[in-house]
Amino acid sequence: MPRKKSMQILSIHLKSIKSHRDTTLDFAAGINVLSGPNGVGKSTVFEAIGYALFGVDARDFVTNVERFLSIGAKRGEVQVIFCIDDGSTWRVSRTVGGGVKWLLARQLGDDFEVEEHANIRETETRLAELLGLANGRPLAEQFKLVIGPFQNDFLGPFVIKQATKRQEAFDEILGIDAWRKTFKGTSGLLSVVQNRIEVLNAEVEARQEQVVLLPEREKEQVGLVESLALQRLALQEKQALLSEAARHLALQDKREKALQEATAKEQELGLRITNGEEKVVDQKLRVEQARQAQQVVEDNSAGKDTFERADQKLKDLREQERQCRELEREIGRLEKDRQALQQKLVHEGNEVQKAEQELAAEQARLDAARLELQPDPLMQKVADRLPALRQNGEDLRNQRGLLNGRRVALIEGQDKLGEGICPFFAEPCGNIAGQQPRDVFSSKVADLDQQAAQLDSRIGLLGQEILKAEQAQQGLQGLLVRAAELDKQQQQLEGRGQKTLVRAAGLAGLKADLTAAESRLTAARDAYKAYADLDVTLSCTEQEKADSQAARDAWYTHVKDAGEWTARQQTLQKWQLALDDLKRDRQVAVETCAACQKTYDVEQHQLARQHKEGLVAEVAALEQRLVGLDKDLQRLAGEIDRLKQIEKQIAERLAARKRYQDQEKLVKYLRNLVFKNVSARLSERFREEISQRADRIYRTIAEGDEELIWGDHYQVVLRDLADGQLRERTDDQLSGGQMMSAVVALRLALLQTIGARLAFFDEPTSNLDAARRENLAQAFRAIDVGREEVTEHWYDQLFLVSHDVAFTEITDQIVEIGE
């Protein structure tokens, strides 16, 4: 296998990624061990490299993208700087959260210049070329399956019990599952091709049954064309006869119309003459009525004038009557106002007098109450001592508390001394060891008790004095409250006095209003005297109007007819002349009607109409027959076209069936002779090569004679001699340490076989005893220096997460995290 491109990760910068708020780590060539306490983010470094350098989705590490960020962060970023074998240095950066950006930049001098890529797929392709991993598989898939899986993820396929599923898992890891998937996928393709051939056969058979009718339909089409031509010739003959019959009928219709118009005109003129004669008679009557109306108007003209004069006078008198009634209402209102003012003046005078008496009595009561509120001088003196008494009481209580504290301390010291413990240093006392201690505390405690009793007595007496002082102070406070209440009542009393003064001043205004009201009432009564004779005048005028009412009504009833007498005479003369003209026109219409009757024959007209209707029915029948023939012809043409299209479809399906038959032969050949065997052969070759390398690594780790074999279906097998007999043990018969050793050896061999120059190991020594952990570390170093008994050097960098001290001796650099 040709050597892959070499590369080296120089550094990584994590910003707001899980526990790494702002972390930069530098790496060396060879073996780099990431060390630190649990939870500081060692595995997160592996995940960040997979995310930024290999394009792994963050959700492959966490359930959602937000958990890939530091707590509280909305956006994060990972930057990885690496170099390749041509000496160039590159920086790949990828953001987390929001719109994800994946950028690749090359170092030019002190700066990095970003390459322009059309999309993420182009960025991944370019990275695969730089890393030497452009093998057609996505970078993320290579990282998750081979280069950087967590130990548990890589161990998983080895412990799959079902052989078929275990084989599918490792075929995918080795990248040879495409042949097996292709073999399975082409099974469905073969079925689809065969089903398509069967469908085409069925479609061809069904269409061939329909095409049999094509010659019969073509013969039927020829017969229909000939019949259609004969029917169209007969239609032309009938249409010519119909045109002649229509012309003859139109002449008869014209003669009938002329006779009907002459008869109608003669009848109309007769009716108009009759109406005219009746109107002339009515008009003569209206002329006579107008003449009589003129006489009535002349006879009643004087009575109408008398009525109108009386009517106008009554309007004037009614206005005076309205003014009189308004004046009566005004006098009544003024009398009420005067009476109300008189009552209000009396009431206000009484109220003012009553309020002044009440104010005087209230003021006397307040003055007497103020004399009763003068404080006792002895009470004032006792209340003034209250602050000093309270301060003395507080001082005595503080002294009492100090005595209590000293007494408790003495009792505690006495108890400890009784137990042989020094009361000052709180440790066993050597001075009294084995001896009864001397009582040095009882006298002091008694002295303190005596002092406390004296203080208690003084505190009791002082409390009584404080109580008396507080009672005196409360009494003084009560007097002050009552004095404040009296001040408030005095203010209210003064307010009431001001209101009483205002009411007293208002009495003069009320007297002036009363005088003005009496003056207005006198003036109104004087004005009312002018209407004393109004009712008599109204009665006389109404009688005069009633007497002339009949003459006025007669004048207005006939005045219109009297004015129309001349116009009615002129209208009568005009209508008489028009009646004479109508009689002459009627004579002419009678002569025209007689002439039309001579040229028109009703029976001939009816025969012509029946003849035309018969020809119309025949033409319609022929046209309907032609429409039916046209439809039949179109139907046949459509059916013939459809059958010809079916012929074409049969030819197309036969050609398609031939193509599918050829494809069926090709798919069977590829499935049986190519796809079926390639996956198994590649698997056997890979297992053989990987087994050889893994066996040497496993022997170094285990320090035993067991042979590691990667058997059929990728089953782990250990082979050795037991009691002179060859013994084979599979994965379910191995210990945890043996299984982990075998898995690590197989993964190292697998990485070398596929040509990976970079690998990540997360806790590779888990489940291994101390000896195997030491041997595994030495195996890593042996691979690093290229010892042939283990394997040749094949990688550029190995990254390990481990707490094992065995790796500190073989590593090229220990990267401490969390310091």
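The values are calculated or read from the model by the stated rules, or taken from the named source; none is laboratory data. Please read all numbers here as calculations on a predicted model, not as lab measurements. No Cβ is skipped: glycine too gets one built from the backbone with ideal geometry, and neighbour counts run over all protein chains shown. Please note that ligands, DNA and RNA were not included when accessible areas were found on the heavy atoms of the full protein model with its side chains. Shrake-Rupley method; radii C 1.70, N 1.55, O 1.52, S 1.80 Å.
Within segment 88-109, can you find the residues that are outside any strand (DSSP E or B) and either of a type in the set (Val, Ile, Thr) or farther than 16 Å from Ser11 by Cα (or both)?
Of everything in segment 88-109, those that are outside any strand (DSSP E or B) and either of a type in the set (Val, Ile, Thr) or farther than 16 Å from Ser11 by Cα (or both) turn out to be Gly97, Gly98, Gly99, Val100, Lys101, Gly109.
Just checking, does segment 158-167 include any residue being modelled with pLDDT under 75 and assigned to a helix (DSSP H, G or I)?
Yes; the residues of segment 158-167 include at least one that is modelled with pLDDT under 75 and assigned to a helix (DSSP H, G or I).
What's the number of the condition Ala246 fails, among (1) of a type in the set (A, V, I, L, M, F, W, C); (2) touching a Lys or Arg at 6+ places or on another chain (Cβ under 9 Å); (3) under 30 Å from Gln569 (Cα atoms)?
Of (1) of a type in the set (A, V, I, L, M, F, W, C); (2) touching a Lys or Arg at 6+ places or on another chain (Cβ under 9 Å); (3) under 30 Å from Gln569 (Cα atoms), only one is false for Ala246: (3).
Quick one: in segment 692-715, which of the residues that are assigned to a helix (DSSP H, G or I) and acidic (Asp, Glu) is surrounded by the most Cβ atoms within 10 Å (Cβ to Cβ)?
Top of the filtered list is Asp695.
Evaluate the following for Asn201: is it free of Cβ contacts under 8 Å to residues at least 60 places away in the same chain, assigned to a helix (DSSP H, G or I) and either of a type outside the set (A, V, I, L, M) or in contact with a Lys or Arg (Cβ under 7 Å, 6 or more places away or on another chain) (or both)?
no
Any idea how many residues of segment 575-586 are free of Cβ contacts under 8 Å to residues at least 60 places away in the same chain and either acidic (Asp, Glu) or surrounded by 11 or more Cβ atoms within 10 Å (Cβ to Cβ) (or both)?
Residues in segment 575-586 being free of Cβ contacts under 8 Å to residues at least 60 places away in the same chain and either acidic (Asp, Glu) or surrounded by 11 or more Cβ atoms within 10 Å (Cβ to Cβ) (or both): 2 in total.
Please list, ordered by first then second residue, the pairs with beta carbon atoms under 7 Å, 6 or more apart or interchain, first in segment 497-515 and β-branched (Val, Ile, Thr), second open to solvent by less than 40 Å² (accessible area, probe 1.4 Å) and in a helix (DSSP H, G or I).
Sorted first by the residue in segment 497-515, then by its partner, the pairs are Thr500/Val352; Thr500/Ala355; Thr500/Leu359.
For the structure I just gave you, tell me whether Lys15 is charged (D, E, K, R), touching a residue at least 60 places away in the same chain (Cβ under 8 Å) and open to solvent by 20 Å² or more (accessible area, probe 1.4 Å).
Criteria met by Lys15.
Could you grab me the full set of residues in segment 175-192 that are modelled with pLDDT of 75 or more and either open to solvent by less than 80 Å² (accessible area, probe 1.4 Å) or more than 49 Å from the chain's Cα centre (by Cα) (or both)?
Ser191
Please work out which residue is surrounded by the most Cβ atoms within 10 Å (Cβ to Cβ), limiting yourself to segment 599-627 and to residues that are over 21 Å from Leu242 (Cβ atoms) and of a type outside the set (D, E, K, R).
Only one residue fits best here, namely Tyr600.
Please determine whether any residue of segment 162-172 is out of contact with any Phe, Trp or Tyr (no Cβ under 6 Å at 6 or more places or on another chain), free of Cβ contacts under 8 Å to residues at least 40 places away in the same chain and open to solvent by 80 Å² or more (accessible area, probe 1.4 Å).
Looking for residues that are out of contact with any Phe, Trp or Tyr (no Cβ under 6 Å at 6 or more places or on another chain), free of Cβ contacts under 8 Å to residues at least 40 places away in the same chain and open to solvent by 80 Å² or more (accessible area, probe 1.4 Å), one finds at least one in segment 162-172, hence yes.
Ala655 is checked against (1) without any contact (Cβ under 8 Å) to a residue 40 or more places away in the chain; (2) surrounded by 13 or more Cβ atoms within 10 Å (Cβ to Cβ) and fails just one. What number does that condition carry?
(2)
To keep it simple, each residue is scored yes or no on (1) of a type in the set (D, E, K, R); (2) in a helix (DSSP H, G or I).
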{"position": "Arg322", "(1), (2)": "yes, yes"}
{"position": "Glu328", "(1), (2)": "yes, yes"}
{"position": "Arg333", "(1), (2)": "yes, yes"}
{"position": "Arg338", "(1), (2)": "yes, yes"}
{"position": "Leu345", "(1), (2)": "no, yes"}
{"position": "Glu348", "(1), (2)": "yes, yes"}
{"position": "Ala360", "(1), (2)": "no, yes"}
{"position": "Asp367", "(1), (2)": "yes, yes"}
{"position": "Gln374", "(1), (2)": "no, no"}
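Please go through segment 37-50 and give me each residue that is open to solvent by 10 Å² or more (accessible area, probe 1.4 Å) and in contact with a helix residue (DSSP H, G or I) (Cβ under 6 Å, 6 or more places away or on another chain), ordered by number.
Matches in segment 37-50: none.
Of the residues that sit in segment 716-746 and are surrounded by fewer than 17 Cβ atoms within 10 Å (Cβ to Cβ) and polar (S, T, N, Q), which one is modelled with the lowest pLDDT?
Among those that are surrounded by fewer than 17 Cβ atoms within 10 Å (Cβ to Cβ) and polar (S, T, N, Q), it is Ser735.
Among what's in segment 311-370 and is surrounded by 15 or more Cβ atoms within 10 Å (Cβ to Cβ) and among the basic types (Lys, Arg), pick the residue that is nearest to Glu544 (Cα to Cα).
Looking at residues that are surrounded by 15 or more Cβ atoms within 10 Å (Cβ to Cβ) and among the basic types (Lys, Arg), I get Lys313.
Kindly provide the set of residues from segment 51-72 that are open to solvent by less than 40 Å² (accessible area, probe 1.4 Å), touching a residue at least 60 places away in the same chain (Cβ under 8 Å) and of a type outside the set (Gly, Ala, Ser), ordered by number.
Leu53, Phe54, Val56
When the residues of segment 516-558 are filtered to those that are free of Cβ contacts under 8 Å to residues at least 12 places away in the same chain and assigned to a loop (DSSP other than H, G, I, E, B), which remaining residue is least open to solvent (accessible area, probe 1.4 Å)?
If we take residues in segment 516-558 being free of Cβ contacts under 8 Å to residues at least 12 places away in the same chain and assigned to a loop (DSSP other than H, G, I, E, B), then Ala532 is least open to solvent (accessible area, probe 1.4 Å).
From the set of residues in segment 299-320 that are closer than 21 Å to Leu534 by Cα and of a type in the set (A, V, I, L, M), which is farthest from the chain's Cα centre (by Cα)?
My answer is Ala310.
Specify the residue that is nearest to Arg255 (Cα to Cα); the eligible residues are those in segment 628-647 that are open to solvent by 50 Å² or more (accessible area, probe 1.4 Å) and within 60 Å of the chain's Cα centre (by Cα).
Across segment 628-647, the extreme among qualifying residues is Lys631.
Please verify whether segment 239-255 includes one or more residues that are at pLDDT 80 or above, over 59 Å from the mean Cα position of the chain (by Cα), open to solvent by 60 Å² or more (accessible area, probe 1.4 Å) and farther than 30 Å from Tyr600 by Cβ.
The answer is no; no qualifying residue exists.
Quick one: in segment 245-261, which of the residues that are among the charged types (D, E, K, R) and touching a residue at least 24 places away in the same chain (Cβ under 8 Å) is nearest to Ala608 (Cα to Cα)?
Checked segment 245-261; the qualifying residue nearest to Ala608 (Cα to Cα) is Asp253.
Would you call Gly136 open to solvent by 70 Å² or more (accessible area, probe 1.4 Å), under 27 Å from Arg747 (Cα atoms) and either over 46 Å from the mean Cα position of the chain (by Cα) or modelled with pLDDT under 95 (or both)?
Yes, satisfied.
Could you say which residue among Thr306, Thr263 is more than 30 Å from Leu582 (Cα to Cα), open to solvent by less than 100 Å² (accessible area, probe 1.4 Å), hydroxyl-bearing (Ser, Thr, Tyr) and assigned to a helix (DSSP H, G or I)?
Thr306
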